[in-house]
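The values are calculated or read from the model by the stated rules, or taken from the named source; none is laboratory data. The structure displayed is predicted, hence computed values, not measured ones. When we count neighbours, we look across all protein chains shown, and the Cβ atoms used for this are built from the backbone with ideal geometry, even at glycine.
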Amino acid sequence: MKKIFLIVAALLSVGSAFAATTQKWTAGWDNFNEPLNYKKSKVTWSVASTKLTVTYTLVGATPRKLYQVDMAFFCTTFASTFGQFPVGGLGTGNTCQSLTRQGVTASNAYVELCVVATDLNGNGSCKVVVGTIAAGTYNVEFRALDGAGAGGLSGGAGNDGFGGDDDNADFQSPGPFGTTTTITIP
């Protein structure tokens with residue numbers, strides 16, 4: 001009986017390693033007045049082997065708007081790719097850029113993952129699978145940017161034409177700036 005209990009306990013612990021983690025959004029690094037239903041909006045992520053699945057969900061955001069969503073890695077140096085995506089914000093020798101936001105200075109790099117297009121009610125989501133990712137521990141914040149076109153993406157606007165800049169963060173998770181989620185890739 002004791003052996004069965006230990007086997008079940010071991011299986012449960014292995015299963016929870018792949019369980020999805022859900023985080024709430026907070027106001028972003030740069031824009032603090034963008035509308036959002038913070039109780040219903042979320043970022044959900046999970047790790048399975050060398051793959052990371054992330055779903056960005058916005059509820060009650062600005063209707064009919066594009067939000068480019070990404071991951072900001074807090075680091076000193078970083079590889080030039082994260083899975084199949086190029087890494088932005090890197091200097092010479094793959095050094096991470098230094099930024100000051102919300103009274104905190106930290107170095108980071110970022111990976112643009114997908115775009116959330118909201119409907120007439122300001123609701124939208126996107127899901128992306130990133131892989132194969134190098135084993136390691138990654139300290140990240142998830143971001144939703146003000147428009148699409150940040151990070152040097154081809155075809156992006158670069159500036160939304162309404163006095164904003166597509167590089168500005170409307171929402172962050174966990175927040176405030178520099179507060180991170182740790183993701184471990186085995």
>> Looking for something closer than 17 Å to Ser173 by Cα, at pLDDT below 95 and charged (D, E, K, R) - is there at least one such residue anywhere in segment 60-79?
In response: no
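When you check Gly83 against the structure, is it surrounded by fewer than 21 Cβ atoms within 10 Å (Cβ to Cβ), more than 20 Å from Asn31 (Cβ to Cβ) and out of contact with any Cys (no Cβ under 6 Å at 6 or more places or on another chain), yes or no? Spell out how you get there, then give the answer.
Numbers: surrounded by fewer than 21 Cβ atoms within 10 Å (Cβ to Cβ): yes; more than 20 Å from Asn31 (Cβ to Cβ): yes; out of contact with any Cys (no Cβ under 6 Å at 6 or more places or on another chain): yes.
Judged against the criteria, Gly83 is a match.
Which ones in segment 21-65 are in a strand (DSSP E or B) and either over 17 Å from the mean Cα position of the chain (by Cα) or loosely packed, with under 14 Cβ neighbours inside 10 Å (or both)? First the steps, then the outcome.
Residues of segment 21-65 that are in a strand (DSSP E or B), as a first pass: 21-24, 26-27, 42-48, 51-58.
Of everything in segment 21-65, those that are in a strand (DSSP E or B) and either over 17 Å from the mean Cα position of the chain (by Cα) or loosely packed, with under 14 Cβ neighbours inside 10 Å (or both) turn out to be Thr21, Thr22, Ala48.
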